[in-house]
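Presented below is the structure to which this report refers.
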Amino acid sequence: MQFLGDWLTIFSAGCLVIMSPGPNFVLTLRNSLAHSRQAGIYTALGVTAGDLIHVICWLIGIGVIISKSVLLFNLLKWLGAAYLIYLGIKSLQAKHQDNFVEEQTS
């Protein structure tokens, strides 16, 4: 029964952290204002999915597992580095789009 109480405490703390405003809120607000309501909703769903993954990893103790296995730690480190390099290359290759709306003069 103690395990359930500990799990609920950690889960509650995770929910409070997720609900607090921060960079995710700013990103969602920016996408909503710059693009559309639908873009804001998609951003919020993406942020929520990412936060859910973090909380699940926190609850199952991935940090402890990784700290005990040097091979797993190095594998995750190199996979993360490769993903960041991939994102950097994709962002450099992306075409710049101006989101300015031209005003029509009457």
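Kindly indicate whether GLY46 is under 21 Å from GLY80 (Cβ atoms) and within 13 Å of the chain's Cα centre (by Cα). Yes; evaluated as a whole, the condition is true for this residue. A single entry from GLY14, GLY46 fulfils the requirement of being surrounded by 13 or more Cβ atoms within 10 Å (Cβ to Cβ), modelled with pLDDT of 90 or more and not assigned by TED's automatic domain parsing to the domain that holds LEU79: GLY46. Residues that are without any contact (Cβ under 8 Å) to a residue 40 or more places away in the chain and of a type in the set (Gly, Ala, Ser) within the range 24-68 comprise SER32, SER36, ALA39, GLY40, ALA44, GLY46, ALA49, GLY50, GLY61, GLY63, SER67, listed in sequence order. Among the candidates ALA82, ALA34, ALA39, which residue alone is modelled with pLDDT of 85 or more, more than 20 Å from VAL17 (Cα to Cα), more than 16 Å from the chain's Cα centre (by Cα) and assigned by TED's automatic domain parsing to the domain that holds LEU8? Result: ALA34 is the single residue among ALA82, ALA34, ALA39 that is modelled with pLDDT of 85 or more, more than 20 Å from VAL17 (Cα to Cα), more than 16 Å from the chain's Cα centre (by Cα) and assigned by TED's automatic domain parsing to the domain that holds LEU8. Can LYS95 be described as at pLDDT 85 or above, more than 17 Å from the chain's Cα centre (by Cα) and loosely packed, with under 10 Cβ neighbours inside 10 Å? Criteria not met by LYS95.
The values are calculated or read from the model by the stated rules, or taken from the named source; none is laboratory data. Because the structure is predicted, anything quoted here is derived from the model rather than measured. A quick note on method: Cβ atoms are made from the backbone with ideal geometry, for glycine too, and the neighbour counts reach across all protein chains shown.
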